[in-house]
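For reference, the structure discussed in these notes is given below.
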Amino acid sequence: MNRNQGSLLTSIYTILALGITVIFFFPFWWSISNSLRNPIDTFTTTGVGIPWLNFEPTLGNWKTQLAYPEAQLALYNSSFIAVLSTALAIIVGLPAAYALARFRFRFPPNKDITIWFISQRVLPPAAAVVPFFMIWNMLGIYDTKFSMIIVQTTFIMPFVIVIVRQTFIDLPIELEEAAMVDGATHIGAFLKVAVPLSVPAITASSLIMFTFAWNDYFFASVLTMKNFTLPIWAASDVGTRGIHFWFMAVKCMIAIVLPLILCLLAQRYIVRGLTLGAVKG
């Protein structure tokens, strides 16, 4: 390949990369721009909708939407379910990841157990939602935050098991053996040595699990009615009359902003954690 061909390929890749970036970034920018506009500016603003350049920004839409009781209920439910689901997944998933990394099981073998956990993410949610619906109705806990926490925990826990398991495998076992020589039990070595050294991987998996639970729409749409979550509120336009694009933009931003802030704050932990916990062939 000569220099001209290399330059042409570089130009093509650059154009493709920029095009893909614009395609993925445009909905985000549309939400930001429209959430800050007066309703009358939604269809009259020219240009690409840059605040202060193409229109005068305002927080009026945000104040209006956040004043609705439905918005406050949806925010509370989503936060409560996402936080407790993530915490429960960590509490249950960490010992499971450690056991799969440090102990050998004959039946079923470790590899099969790990594949079973991964299969929960491959399983179509539609295949599980009907059994959950029937069981929750039978137990009388349909449309409760508790039932949603159990469902979310079931489907997000594989993230922490798979990611942190590989991190535990990569940790030198001599560190834990040294702790046990000093009198620590297996549980003590796990809590005082393995867990602190795996904080980046735990943080990365926690953010992934929180984001999945926070953004879940399918299970919430079937398994909740009064206890609806943020995605249901955003999609169903609860609290507004008709489709108001400026209000829908605010709803989209409310759904995006918290996971985005958490990811930005914990960026170095995410990169380090996913690198340490990368599954090797």
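The values are calculated or read from the model by the stated rules, or taken from the named source; none is laboratory data. Small disclaimer: the values here were computed from a predicted structure and weren't measured. Here Cβ is always computed from backbone atoms with ideal geometry, including for glycine, and neighbour counts include all displayed protein chains.
Residues satisfying the criterion are present in region 36-47 (criterion: surrounded by 12 or more Cβ atoms within 10 Å (Cβ to Cβ), within 19 Å of Val257 (Cα to Cα) and outside the structural domain of Arg165 (by TED's automatic domain parsing)).
So, Ile115, is that one surrounded by 15 or more Cβ atoms within 10 Å (Cβ to Cβ) and of a type in the set (Val, Ile, Thr) or not? Answer is no for this residue. Go through the residues of region 148-155 one by one and say whether even a single one is over 22 Å from Pro95 (Cα atoms), modelled with pLDDT of 90 or more, assigned to a helix (DSSP H, G or I) and touching a helix residue (DSSP H, G or I) at 6+ places or on another chain (Cβ under 6 Å). Yes, region 148-155 contains a residue that is over 22 Å from Pro95 (Cα atoms), modelled with pLDDT of 90 or more, assigned to a helix (DSSP H, G or I) and touching a helix residue (DSSP H, G or I) at 6+ places or on another chain (Cβ under 6 Å).
For every residue, the table says whether it meets (1) over 21 Å from the mean Cα position of the chain (by Cα); (2) more than 24 Å from Tyr217 (Cα to Cα); (3) not assigned by TED's automatic domain parsing to the domain that holds Leu207.
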position	(1), (2), (3)
Arg121	no, no, no
Phe132	yes, no, no
Phe168	yes, yes, no
Glu176	yes, yes, no
Thr185	yes, yes, no
Phe190	yes, yes, no
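Hey, does region 224-236 have a residue that's at pLDDT 85 or above, of a type in the set (Val, Ile, Thr), within 15 Å of the chain's Cα centre (by Cα) and in a loop (DSSP other than H, G, I, E, B)? Yes, the conditions are met somewhere in region 224-236.
To keep it simple, each residue is scored yes or no on (1) surrounded by 15 or more Cβ atoms within 10 Å (Cβ to Cβ); (2) over 17 Å from Ile202 (Cβ atoms); (3) free of Cβ contacts under 8 Å to residues at least 24 places away in the same chain.
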| position | (1), (2), (3) |
| --- | --- |
| Ala127 | no, yes, yes |
| Ile135 | no, yes, yes |
| Ile150 | yes, yes, yes |
| Ile163 | yes, no, no |
| Thr167 | yes, no, no |
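When Val160 is tested against (1) part of a loop (DSSP other than H, G, I, E, B); (2) closer than 23 Å to Ile118 by Cβ, exactly one condition is not met: (1).
Is it fair to say Ala96 is modelled with pLDDT of 85 or more and under 30 Å from Met157 (Cα atoms)? Criteria met by Ala96. The single condition from (1) more than 29 Å from Thr203 (Cβ to Cβ); (2) modelled with pLDDT of 85 or more that Ser85 fails is (1). The residues on offer are Ile23, Ile81, and the sole one that is at negative phi and assigned by TED's automatic domain parsing to the domain that holds Val151 is Ile81.
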